Ligand SMILES: NC(=O)c1ccc[n+]([C@@H]2O[C@H](COP(=O)([O-])OP(=O)(O)OC[C@H]3O[C@@H](n4cnc5c(N)ncnc54)[C@H](O)[C@@H]3O)[C@@H](O)[C@H]2O)c1
């Protein structure tokens, strides 16, 4: 949460409606309202929306007391958030509407149909769906070129990334407008294609799937798998994604490792063509100045210095916080 988050909505502020003001919808409403938008909450009834409004203010007070939200946040939320009596009232004048109802196709379709009927024809409509195809969800939406996935992560006030998922018919101007709106609330975005699981959950579940197999096969306990993930490759992930990590490790090294892995697990660990192609072309990552990402040779010392500083800072933060209370 940045300091700029504490901005009361001006007369020209964006008008946003959240449909489904539960766990995710409530957090998204906090983020956007603290970013200066005027945000309506709606739910199955006026009472539920009002209760969620009250809950968000109480939660905000606690976040301020804990130093997680800037001072003054609850006052900003009081000015910028409001509880609507129903979906129709919430979306009537909205520029952007975010649907965050349960992950059940029938509920999503009914809700999107109501939103679409009551919203302005030019209002942008986003869905916070975790996994459902955006094209499939778009069916009841009129002018579907203004519809897309806008996937916040949990807990949305504190996780910086938002996955943006246009379907094949979403207009480029819709994607641009949503990215701008989300960036204005202090978040980062990445745009991905509309496939089941999108990118975030496909990666997250690939890791979970392998971890579950290691435990099922008695190779390691759940506790030991978690320890290894946290303290080895997972330690790098706040700073570098898998492609930057592979480039820094050396793509020839990855290629060799794949030879062992694919011998024993040919279905899951066949060497990706995108990797062998780069190796054959002599693009071995950072050490050759080209790989998945192209880091110029003269910036390598700077990159290594950043990496080392980042890992030491990460360890200091972990020492300061102490272990997560899981035991
Ligand atoms: N919880 C997570 O970790 C998480 C993370 C990312 C995305 N998501 C996605 O966000 C969406 C919402 O998930 P959640 O965890 O916030 O669920 P939730 O159950 O906390 O909230 C859903 C809200 O929708 C309301 N609702 C139900 N039917 C409705 C209707 N017909 N009209 C209006 N409101 C209705 C409920 O009363 C509730 O307040 C889902 O699509 C989920 O997959 C969840």
Qualifying positions in region 154-169 - surrounded by fewer than 16 Cβ atoms within 10 Å (Cβ to Cβ) and either assigned to a strand (DSSP E or B) or in contact (Cβ under 8 Å) with a residue 40 or more places away in the chain (or both): 154, 155, 158, 161
Elements of type helices (runs of 4 or more DSSP H) in region 18-110, at least 1 residues being over 24 Å from residue 134 (Cβ atoms) and over 22 Å from the mean Cα position of the chain (by Cα): 46-65, 73-80, 87-91
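Please work out which residue is nearest to the ligand (Cβ to nearest atom), limiting yourself to region 87-108 and to residues that are under 16 Å from residue 18 (Cα atoms) and surrounded by fewer than 17 Cβ atoms within 10 Å (Cβ to Cβ).
Looking at the filtered set, the residue picked out is 103.
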Pairs with Cβ under 8 Å, 6+ apart, first in region 117-132 and closer than 9 Å to residue 97 by Cβ and in the same structural domain as residue 103 (by TED's automatic domain parsing), second within 14 Å of the ligand (Cβ to nearest atom) and assigned to a helix (DSSP H, G or I): 119/91; 123/91; 125/112; 125/115; 125/116
Enumeration of residues in region 55-86 that are under 11 Å from residue 21 (Cα atoms) and loosely packed, with under 15 Cβ neighbours inside 10 Å: 55
Count - residues of region 8-34 that are touching a helix residue (DSSP H, G or I) at 6+ places or on another chain (Cβ under 6 Å) and either away from the ligand (no atom under 16 Å from the Cβ) or free of Cβ contacts under 8 Å to residues at least 40 places away in the same chain (or both): 5
Residue match in region 255-268 (condition: surrounded by 14 or more Cβ atoms within 10 Å (Cβ to Cβ) and either at positive phi or under 28 Å from the mean Cα position of the chain (by Cα) (or both)): no
All positions within region 229-273 that are over 30 Å from residue 158 (Cα atoms) and not in a helix (DSSP H, G or I): 250, 265, 266, 267, 268, 269, 270, 271, 272
Filtered residues of region 123-148 (kept if more than 14 Å from the ligand (Cβ to nearest atom), in a helix (DSSP H, G or I) and crowded, with 23+ Cβ neighbours inside 10 Å): 146
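Could you identify the single residue in 183, 209, 151 that is in a helix (DSSP H, G or I) and within 15 Å of the chain's Cα centre (by Cα)?
Sole residue among the options that is in a helix (DSSP H, G or I) and within 15 Å of the chain's Cα centre (by Cα): 183.
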Residue ID - nearest to residue 137 (Cα to Cα), chosen from residues in region 109-122 that are more than 9 Å from the ligand (Cβ to nearest atom) and surrounded by fewer than 22 Cβ atoms within 10 Å (Cβ to Cβ): 109
One residue from 234, 285, 218, 241 being surrounded by 11 or more Cβ atoms within 10 Å (Cβ to Cβ) and at positive phi: 285
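Quick check: is even one residue across region 165-183 at pLDDT 95 or above and within 11 Å of the ligand (Cβ to nearest atom)?
Checked against the condition, which is being at pLDDT 95 or above and within 11 Å of the ligand (Cβ to nearest atom), region 165-183 yields no hits at all.
The values are calculated or read from the model by the stated rules, or taken from the named source; none is laboratory data. In this text, all values refer to a predicted model and were calculated from it rather than measured experimentally. Because the Cβ atoms are built from the backbone with ideal geometry, glycine has one as well, and the counts that use them run over all protein chains shown.
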